[in-house]
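Asker: Could you have a look at this structure, given as structure tokens, before my questions?
The values are calculated or read from the model by the stated rules, or taken from the named source; none is laboratory data. Small disclaimer: the values here were computed from a predicted structure and weren't measured. Heads up, the Cβs are rebuilt from the backbone with ideal geometry, glycines too, and the neighbour counts pull from every protein chain shown. Each accessible area value is taken on the protein alone, full model and side chains, heavy atoms only, with ligands, DNA and RNA left out. Shrake-Rupley method; radii C 1.70, N 1.55, O 1.52, S 1.80 Å.
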Amino acid sequence: MAQASRKVKQMITASVTREGDGFLVHRPFPSRTLLDFDPFLLLDEMGPMENEPGQAKGAPDHPHRGFETVTYMLSGCFEHKDSFGHQGKLAPGDVQWMTAGSGVIHSEMPEEAFLRQGGLLHGIQLWVNLPKKEKMTSPSYQEIKSQDIPVGKSSDGKVSVKVIAGVAYAQKAVIQTKTPIIYLHASIQPGGRWTQVVPKEYNAFAYILEGQGLFNKQPIKDVKYSEAHQLLLFENDSDEIEIVVPAELNSTLEVLLIAGVPLNEPVVRYGPFVMNTEEEIRQAFIDYHAGKMGIIKA
Ligand code: FE
């Protein structure tokens, strides 16, 4: 008998907030109902937001220590600069996996031409916690262009999956992760069915960007189909996740499936720093103010 797919244990609708200079964010967590989802600390959907020329906003210079920030651009273009002289551009479909480790100060701002012209800004930022032994590792980056992200496809062509981390349809990600992480972006057409292996020990969630679908064949909270800005947390009751888009629907479901093996370590967070103890947080502030995380040169 085929094994059953994972059940959904909770559905959370993202709250709308403003970040950085004031750009619109849909944030499913952290929130009062869900502080974190080990090993994940935060999920932000930036936008979607239509910007007039000159109006796009970003997040000017700010520090991070003790975790990783993963930025996945969907629409618009961001420019990134940091205190180690690193600089890069993120165009639609590109991914930047930044290991902040012992500390980095960076700015995430709209790219010049995008700022000038305006347009739709849409992206995802995920914070991945680092285990105690990696928190003070040297900062590093993996920057992957859209065309270099492997894409897996179902045999009927109805499911297409961008493999940012992990494996799907035998396509293996190029990004290396510090702990086992799965990060997939699936596009599922009406009549499509996606079954993905996610070992039981991984905490897993799905986040809907666009369209509607059924998770483990179940309507959730009496809502017929799950939809955009909803986060679905899965039980750890099976090694498989199933997402279906019934043929009666007329749009493609765009959904992220993200999973990781929990660290099971104490989490002490204060704004941009996430450590294991209060003392380490105090030290992060001391190091930051002493300039040990560097400064961004103009
Ligand atoms: Fe940041």
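Asker: So the check is Cβ under 7 Å with 6+ separation or different chains; which pairs have a first residue in the stretch 278-298 that's farther than 11 Å from G103 by Cα and a second one that's of a type in the set (F, W, Y)?
Answerer: Every condition considered, the pairs that remain are I281/Y270; I281/F273.
Asker: Another question, then. So, E235, is that one within 22 Å of the chain's Cα centre (by Cα), farther than 19 Å from L41 by Cα and modelled with pLDDT of 95 or more or not?
Answerer: On the way: within 22 Å of the chain's Cα centre (by Cα): yes; farther than 19 Å from L41 by Cα: no; modelled with pLDDT of 95 or more: yes.
When the stated conditions are applied, E235 does not pass them.
Asker: The conditions are (1) open to solvent by 20 Å² or more (accessible area, probe 1.4 Å); (2) assigned to a strand (DSSP E or B), and V255 fails exactly one of them. Which is it?
Answerer: Every listed condition holds for V255 apart from (1).
The rows are residues; the columns are (1) part of a loop (DSSP other than H, G, I, E, B); (2) open to solvent by less than 10 Å² (accessible area, probe 1.4 Å); (3) of a type in the set (G, A, S); (4) at positive phi.
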site	(1), (2), (3), (4)
E201	yes, no, no, no
L231	no, yes, no, no
S251	yes, no, yes, no
E265	yes, no, no, no
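Asker: Residue by residue through the stretch 131-150, note down the ones that are open to solvent by 60 Å² or more (accessible area, probe 1.4 Å) and away from the ligand (no atom under 16 Å from the Cβ).
Answerer: The first filter runs over the stretch 131-150 and keeps only residues open to solvent by 60 Å² or more (accessible area, probe 1.4 Å), leaving 132-133, 136, 138, 143, 145, 147-148.
Selection gives K132, K133, M136, S138, K145, Q147, D148.
Asker: Might you let me know whether the stretch 27-41 holds any residue that is in a loop (DSSP other than H, G, I, E, B), under 18 Å from K57 (Cβ atoms) and in contact (Cβ under 8 Å) with a residue 24 or more places away in the chain? Please lay out each step first, then the result.
Answerer: Keep residues of the stretch 27-41 that are in a loop (DSSP other than H, G, I, E, B), which gives 30-36, 38-39.
Those left that are additionally under 18 Å from K57 (Cβ atoms): none.
The answer is no; no qualifying residue exists.
Asker: Can you tell me which residues in the stretch 105-130 are within 13 Å of the ligand (Cβ to nearest atom) and either over 24 Å from L35 (Cβ atoms) or open to solvent by 10 Å² or more (accessible area, probe 1.4 Å) (or both)?
Answerer: I105, H106, S107, E108, M109, Q125, W127 - these are the residues of the stretch 105-130 that are within 13 Å of the ligand (Cβ to nearest atom) and either over 24 Å from L35 (Cβ atoms) or open to solvent by 10 Å² or more (accessible area, probe 1.4 Å) (or both).
Asker: Is it the case that G22 is more than 26 Å from Q196 (Cα to Cα), of a type in the set (G, A, S) and in contact (Cβ under 8 Å) with a residue 60 or more places away in the chain? Before the answer, list the steps.
Answerer: Details: more than 26 Å from Q196 (Cα to Cα): yes; of a type in the set (G, A, S): yes; in contact (Cβ under 8 Å) with a residue 60 or more places away in the chain: no.
Spelling it out, it is not the case that G22 is more than 26 Å from Q196 (Cα to Cα), of a type in the set (G, A, S) and in contact (Cβ under 8 Å) with a residue 60 or more places away in the chain.
Asker: Restricting the search to the stretch 154-188, which residues are of a type in the set (K, R) and surrounded by 15 or more Cβ atoms within 10 Å (Cβ to Cβ)? Full working, then the answer.
Answerer: Going residue by residue through the stretch 154-188, those that are of a type in the set (K, R) are 158, 162, 172, 178.
Result: K158, K162, K178.
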